[in-house]
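Down below is the structure, laid out as structure tokens.
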Amino acid sequence: MFFSTRDTGPVADAVKQHWVDTRLPAGLRPYARLARWERPIGWWLLLWPCWWSAALAAIAAGNSWPNPWHMLLFLIGAVAMRGAGCTYNDIVDVDIDAQVERTRSRPIPAGQVSKRQAKIFLVVQALVGLLVLLQFNSFSIALGIASLIPVAIYPFMKRITNWPQLFLGFAFSWGALMGWAAVFGELSLAPILLYIGGICWTIGYDTIYAHQDKEDDALVGVKSTARLFGERTRLALIVLYALASVLFALAAALADAGPAAFLGILLGAIHLGWQIVIIDIDDGDQCLQLFRSNKIYGWILFIGFTADAMISGMFA
């Protein structure tokens, strides 16, 4: 049966006392954990490039704010597709997850959900994502379907390259293209630069995240930029976050953004600089907190872009 599961407790790095683990019926909890609902930072990180792009498109189009309908669709789509991606990743990585301290409590290696049940749940989430995608124009639909390519290959990259975070960036930053395409039905250099900047940002924050697992990863042969950069992580973050900030600024300039957008990028760069200054790559708990703080970074950029659209609309 689909709901034939056993709840053996929360996942190790989940948000403590989350509603998934306290209020959701026991039979549904393993599926919520597969989708990472108790770790909302993941769908926030997937959502931010979508909302940034929608806000940047509003500036370029002379609108006073991002399209609210698009914003809602991106929110639903981010939750659904992040959940589908995590479920797919857990199906592919079950043998690796069982050997890593932080991940062996995930639903499949912990025996909470079978692979068959996980595959059914994957299809359900993907169908929700497809329903969301079909609400957009034909160009955006084709672009959204193309995003499945980096999503499909990402889980295998940690086995063959030291740069799996790069491929995560390809997948997680795709929304930087989608928000613009939803408004204009085409792409231009501005969203492409936003996308490349998002990739740099993703490599940075996921390198911080990967430092939690570097010892176990070394034992089981999993590759990562955390292992690649090692003691040079701080220097790598300086380069990656600086590139992201410059590319975001160039994208904003090409969208004819005003001072509020650039102020948001500057304040965001300060936040990223704070991460670089205080990071201790040997403190797993701190790495997790710094990783989660990128939700704040997303808000900073989005508020800056949205405020700029509103200000421009007032004086149009």
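We did not get these values from a lab; they are worked out from the coordinates using the rules stated. Note that this is a predicted model, so its numbers are computed, not measured. Heads up, the Cβs are rebuilt from the backbone with ideal geometry, glycines too, and the neighbour counts pull from every protein chain shown.
Observations, loosely collected:
- The residue list SER114, ASN294, LEU243 was ranked by how far each Cα lies along the charge dipole of the stretch 19-314 toward its positive end, using unit charges on Cβ atoms, and SER114 comes out on top.
- Semi-axes of the equivalent ellipsoid for the chain, computed as √(5λ) from the eigenvalues of its C-alpha gyration tensor and ordered from largest down, come to 32, 24, 17 Å.
- Gaussian network model of the chain, Cα within-10 Å springs - most flexible of GLY204, GLY258, GLY221: GLY221
- The packing ranking, built from the mean of other Cβ atoms within 10 Å per residue, places the peptides 289-295, 105-111 in the order 105-111, 289-295, highest first.
- Axis of helix 68-92 versus longest Cα principal axis of the chain: the two differ by about 30°, to the nearest ten degrees.
- The chain - mean residue ellipticity at 222 nm from DSSP helices (-39,500 (n - 2.57) per run, n ≥ 4, rounded to 500): -22500 deg cm²/dmol
- Annotation: extensible slack from TRP163 through ASP256 equals 30.1 nm (criterion: 0.36 nm per residue apart, minus Cα-Cα distance).
- Debye, to nearest 20: dipole size of the chain, +1 on Lys, Arg Cβ, -1 on Asp, Glu Cβ: 660
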